[in-house]
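What follows is a single structure, written as structure tokens, with notes after it.
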Amino acid sequence: MNGSNFLIDTNVFIETLIRRDEECYRDCLMLLQAVKHNQVGAIMAGVELAELVWVLGRTYKLKKAEIINAVKSVIQLRGLKLTDDYDYREALSLYGKYRVKYIDCLLASIPEVREKSWMVVSYDKDFDKLGVVRKEPAEVLKEVKIEK
């Protein structure tokens, strides 16, 4: 497995499930396949599962059974580890300072993310305001030398 660890944001999973943009879909799918084959160390925060359920139901109007199947496919992804190690005080501090979603502040408060030993993989540029290292899926694929 590659030495780097990546915290995968919800939007990467949304791209593979909804297929909004063909290039993003391919990049995200390749990234998740690399996770499955232990080419990329990947982490997902547990709170993102709630966000995934909410977005799939509220924004994309999926039925409950479809949402359950989608979330099961995420949590059963071989190579993906879940974490719930947040610094709630730090998250609230970030939320108070910046105009970003609270869930992004929670992700930025994870000690490994804050200390920059984990990079956030996301299309969400709000992470750039939070002082974390963020890369888009295509950048990660290039970094870990996975050909498109």
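Coordinate-derived values only; no laboratory data. Every value quoted in this text rests on a predicted model; they were computed, and no experiment measured them. A quick note on method: Cβ atoms are made from the backbone with ideal geometry, for glycine too, and the neighbour counts reach across all protein chains shown.
For the chain, the gyration tensor built on C-alpha atoms gives an oblate shape. Its axis ratio a/c (a ≥ b ≥ c) is at least 1.5, and a/b is not larger than b/c. Hey, if you put +1 on the Cβ of every Lys and Arg and -1 on every Asp and Glu Cβ in the chain, which of I146, L82, Y25 ends up farthest toward the positive end of that dipole? Looking along the dipole axis, the top candidate is Y25.
The amide H of T83, built 1.01 Å from its N in the peptide plane, has M44, A45, G46 as neighbours under 5 Å, considering only residues 5 or more places off or on other chains. Taking each DSSP H run with n ≥ 4 as -39500 (n - 2.57) and averaging over every residue of the chain yields -13500 deg cm²/dmol at 222 nm. Each part gets one Cα centre, and for region 9-37 versus region 52-76 those centres are 15 Å apart. Taking GluC sites (Glu not before Pro) across region 109-141, the ones in a DSSP loop with at most 12 further Cβ atoms lying within 10 angstrom of their Cβ are E115. For region 80-86, putting each phi into the Karplus relation 6.51 cos²θ - 1.76 cosθ + 1.60 with θ = phi - 60° gives couplings of 8, 9, 9, 9, 9, 9, 9 Hz, in residue order, rounded to whole numbers and with x for Gly and Pro. When only Cα pairs below 8 angstrom with a gap of at least 6 residues are kept, the chain shows a relative contact order of 29 percent. Here are some pairs, K116/K142; K64/K142; K63/K145; K63/K142; which of them have Cα atoms lying more than 27 Å apart in this structure? In this structure, K64/K142; K63/K145; K63/K142 lie more than 27 Å apart at Cα.
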